[in-house]
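First up is the structure itself, then whatever we jot down about it.
The values are calculated or read from the model by the stated rules, or taken from the named source; none is laboratory data. Being a predicted model, the structure only gives us computed values, none of them experimental. Please note that ligands, DNA and RNA were not included when accessible areas were found on the heavy atoms of the full protein model with its side chains. Shrake-Rupley method; radii C 1.70, N 1.55, O 1.52, S 1.80 Å.
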Amino acid sequence: MQESRSKVHLLANRTKAGQLVKFSNQSSAGESWNWDFGDNNYSILKNPSHTFKKPGTYIVTLTVDSAKYN
């Protein structure tokens, strides 16, 4: 079994309070997705949406895990 993990950091720049942001995962492989929106909220959906409650700039992290079985 071979496992791999990829991490991507994005900026949700100058979001407004109550603003809904849609995220699009463009990774080519993966079996699980872990989004950290930088405001103590998380998602395991492949392409989530998130509403930021406070205005600001957030570092959003996507971690993609995949496992290949031989």
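Restricting the range 7-18 to residues that are under 13 Å from His50 (Cα atoms) and either open to solvent by 70 Å² or more (accessible area, probe 1.4 Å) or not in a strand (DSSP E or B) (or both), the residue that is modelled with the lowest pLDDT is Lys16.
Within the set Asn47, Asn34, Asn40, the sole residue that is on the phi > 0 side of the Ramachandran plot and open to solvent by 60 Å² or more (accessible area, probe 1.4 Å) turns out to be Asn40.
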